[in-house]
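S.K.: Just dropping this structure here.
The values are calculated or read from the model by the stated rules, or taken from the named source; none is laboratory data. In this text the structure is predicted, and so the values were computed from the model without any measurement. Neighbour counts are summed over all protein chains in view; Cβ atoms, including those assigned to glycine, are modelled from backbone coordinates with ideal geometry.
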Protein chains: 2
Amino acid sequence: MVREERLQIILDHVSKDNRVLLTELSEKLNVSEDTIRRDIKVLADQKLLTAVRGGAVAHSPIPHHYRAREQHDVASKKVIASKVLSFLKDGQVVIFDGGTSTLAVAQSLPDDLRITVVTNSFPVANALEDHPTVEVIFAGGRLFKSSFTTIGHETIAAFRNIRADLCIFGICSVHPTIGITTRDYEEAELKKTMLEISKETIALSTHEKINTADPYYIGPVTQLGTIITDICPHNEQLAAYHEAGINIL
Amino acid sequence: MVREERLQIILDHVSKDNRVLLTELSEKLNVSEDTIRRDIKVLADQKLLTAVRGGAVAHSPIPHHYRAREQHDVASKKVIASKVLSFLKDGQVVIFDGGTSTLAVAQSLPDDLRITVVTNSFPVANALEDHPTVEVIFAGGRLFKSSFTTIGHETIAAFRNIRADLCIFGICSVHPTIGITTRDYEEAELKKTMLEISKETIALSTHEKINTADPYYIGPVTQLGTIITDICPHNEQLAAYHEAGINIL
DNA sequence: AACATATTTGCAATATTTTGCAAATTAATT
DNA sequence: AATTAATTTGCAAAATATTGCAAATATGTT
């Protein structure tokens, strides 16, 4: 095992999970923790990541408040992301909504997948920057500080030029009778557009967003072809969605 | 076993596995490690791979790398950035081109400046994400992975909706008679547009870009109202620009 | 073909770097 | 403050590089 190889593996790992642990890598690569620590130091000197106690974290331009959300409930999001991958096929045009769940999907796209991603989310674009085969179209517009997306009429107009095969949709709140809702008016308008222009929609939701509602209406739950959550598809919380004919994973 | 043959095998191996080990090849090709090492040196000199301790690795597919370049020559860029600030006034609409010099400007905008920034550069947008008073409009389009900007006809179209007071323009190459040029065709087209839609232009350049040229033409130097560099305005390298009536700082 | 002249290759002696370990130090947690 | 975990430091062993040199091979010239 040459050093460069390890460095590459560490970088890959960090860009995928946003962090690495010394113990993890030491075991995986069969070298001592000291060695990994020294490797991380080399990379940190090149500003390619940030060394922290116990390992390293990604040195991405995305500030901490977002980063914190990103770290939250990582396990759930990985579960969700892995369920999504089976829907993706070479050649598709796929819309990626904002949000940390969709970001987790973007981060776990296999290296040989050839799709075109359309997004208004900086973190998603950022995650795919280094992807060798994915083409990224960014929908411009007014920057919505705090959620790291663009928003507004220009963004909507940009999406309207697209006809997507699939939409990876981030749910804010969903309720079987009230429908899909969110906390921001402009965001609602934008999400309406995303649903309209996509042939198929996969909605991602962690369990705490299920059966809740927010002020601004996006559409009925029947607009979602599939809902993917981190909990068991047969959980009773999800029964109403089954009845509505939605595919639950 | 002639040398050319070995070189080819080494290249093949590297492009397949992204790395080779001296020991591996020495055994496989029945030559000493010294020989392989020397072969690798030859290839490394031709920039076909990177020699590392114990073998060689492929040139990483992700051009190394915005984050690293960002660190380069920080002092010069700070000098340039401070010179720019006097041009900025509340209420202006200002285009920020991509590049590390313009990024340095974005990073040093005072907290109370109220301008609208229009950009196609992710790093610039990120830098302004936390700025309390600057409004950011992001020009969408296809993601140009190596420089982390958007590019292409959609990006141009987005800019065409704007009329800017000022353009903070990043120079690739500039030459008094040849004009402003760059290495990428699409980038050239985009930069042409930026210049067209701006009332005034401030071009930023470190001294190593002065009096050089690249394949794709953007326009004559007279399109630049002001050039800001990190060297003394009276430096003889800059004389020709003075004569062309350009303001040099 | 014979010769002189370069180039390439392997080897050995000598540096240099990398790595893992252990003791000392520092930082986080209770 | 006491305990635990992580880091730093110095060091020795192992791995890898460098250098000079001689033998082998190739190249060019008469």
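S.K.: Any residue that is touching a residue at least 60 places away in the same chain (Cβ under 8 Å) and facing chain A (nearest Cβ under 10 Å) - is there at least one of those in the stretch B:110-127? Working first, answer last.
M.R.: Filtering the stretch B:110-127 for residues touching a residue at least 60 places away in the same chain (Cβ under 8 Å) gives B:120.
Filter once more, so that each one left must be facing chain A (nearest Cβ under 10 Å): B:120.
Looking through the stretch B:110-127, at least one residue is touching a residue at least 60 places away in the same chain (Cβ under 8 Å) and facing chain A (nearest Cβ under 10 Å).
S.K.: Looking only at the stretch A:150-199, count how many residues are within 14 Å of chain B (Cβ to nearest Cβ) and assigned to a strand (DSSP E or B).
M.R.: Within the stretch A:150-199, residues that are within 14 Å of chain B (Cβ to nearest Cβ) and assigned to a strand (DSSP E or B) number 2.
S.K.: Within the stretch B:22-32, which residues are out of contact with any strand residue (DSSP E or B) (no Cβ under 9 Å at 6 or more places or on another chain) and surrounded by fewer than 16 Cβ atoms within 10 Å (Cβ to Cβ)?
M.R.: Within the stretch B:22-32, the first condition is being out of contact with any strand residue (DSSP E or B) (no Cβ under 9 Å at 6 or more places or on another chain), and the residues that meet it are B:26-32.
Hits for the stretch B:22-32 are B:Glu27, B:Lys28, B:Asn30, B:Ser32.
S.K.: Taking the condition crowded, with 24+ Cβ neighbours inside 10 Å and under 17 Å from A:Ile197 (Cα atoms), does A:Asn161 pass?
M.R.: Working: crowded, with 24+ Cβ neighbours inside 10 Å: no; under 17 Å from A:Ile197 (Cα atoms): yes.
No; evaluated as a whole, the condition is false for this residue.
S.K.: If I filter the stretch A:60-82 for residues that are surrounded by 18 or more Cβ atoms within 10 Å (Cβ to Cβ), modelled with pLDDT of 90 or more and either away from DNA strand D (no atom under 16 Å from the Cβ) or away from every other protein chain (no Cβ under 14 Å) (or both), do I get at least one hit?
M.R.: no
S.K.: Turning to a different aspect of this structure: Suppose we keep only residues that are away from every other protein chain (no Cβ under 14 Å) and surrounded by fewer than 17 Cβ atoms within 10 Å (Cβ to Cβ) within the stretch B:36-59. Which one would you say is farthest from DNA strand C (Cβ to nearest atom)? Don't jump to the end; show me each part of the working.
M.R.: Initial filter on the stretch B:36-59 (away from every other protein chain (no Cβ under 14 Å)): B:38-39, B:41-43, B:45-48.
Of the ones still in play, those that are also surrounded by fewer than 17 Cβ atoms within 10 Å (Cβ to Cβ) are B:38, B:41-42, B:45-47.
Working: B:Arg38: 6, B:Lys41: 11, B:Val42: 9, B:Asp45: 13, B:Gln46: 14, B:Lys47: 19 Å.
Only one residue tops the list, namely B:Lys47.
S.K.: Hey, another quick one. Out of the residues in the stretch A:128-147 that are facing another protein chain (nearest Cβ under 7 Å) and among the hydrophobic types (A, V, I, L, M, F, W, C), state the one that is nearest to A:Leu109 (Cα to Cα).
M.R.: A:Val136
S.K.: Another one. So which residues in the stretch B:113-149 are assigned to a loop (DSSP other than H, G, I, E, B) and of a type in the set (A, V, I, L, M), if there are any at all?
M.R.: Of the residues in the stretch B:113-149, the ones assigned to a loop (DSSP other than H, G, I, E, B) are B:113-115, B:120, B:129-134, B:139-140, B:145-148.
Passing the criteria: B:Leu113, B:Ile115, B:Val134, B:Ala139.
S.K.: Now, a different point. Scan the stretch A:26-54 residue by residue and report those that are within 11 Å of DNA strand D (Cβ to nearest atom) and on the phi > 0 side of the Ramachandran plot. Give the steps one after another, and end with the answer.
M.R.: First, the residues of the stretch A:26-54 that are within 11 Å of DNA strand D (Cβ to nearest atom): A:26, A:32-38, A:40-41, A:44, A:51-54.
Passing the criteria: only A:Gly54.
S.K.: Taking B:Thr100 as meeting all but one of (1) more than 9 Å from chain A (Cβ to nearest Cβ); (2) at pLDDT 90 or above, write down the number of the exception.
M.R.: If we test B:Thr100 against (1) more than 9 Å from chain A (Cβ to nearest Cβ); (2) at pLDDT 90 or above, just (2) comes out false.
S.K.: Something else now. For the stretch B:9-22: of the residues being away from chain A (no Cβ under 12 Å) and within 13 Å of DNA strand C (Cβ to nearest atom), which is nearest to the chain's Cα centre (by Cα)?
M.R.: Initially, the stretch B:9-22 is screened for residues away from chain A (no Cβ under 12 Å), giving B:9-13, B:15-16.
From what is left, the residues that are within 13 Å of DNA strand C (Cβ to nearest atom) are B:9-10.
Values: B:Ile9: 34, B:Ile10: 32 Å.
My answer is B:Ile10.
S.K.: Taking the stretch A:221-238 as the search range and keeping residues that are over 19 Å from the mean Cα position of the chain (by Cα) and among the aliphatic types (A, V, I, L, M), which one is nearest to A:His207 (Cα to Cα)? Explain how you work it out, then say what you get.
M.R.: Pass one, the stretch A:221-238, residues over 19 Å from the mean Cα position of the chain (by Cα): A:221-223, A:232-238.
With among the aliphatic types (A, V, I, L, M) added as a condition, the list becomes A:221, A:238.
On the way: A:Val221: 16, A:Leu238: 10 Å.
Here the answer is A:Leu238.
S.K.: Counting only residues that are touching a helix residue (DSSP H, G or I) at 6+ places or on another chain (Cβ under 6 Å), more than 10 Å from DNA strand D (Cβ to nearest atom) and without any contact (Cβ under 8 Å) to a residue 40 or more places away in the chain, how many does the stretch A:8-25 have?
M.R.: 2
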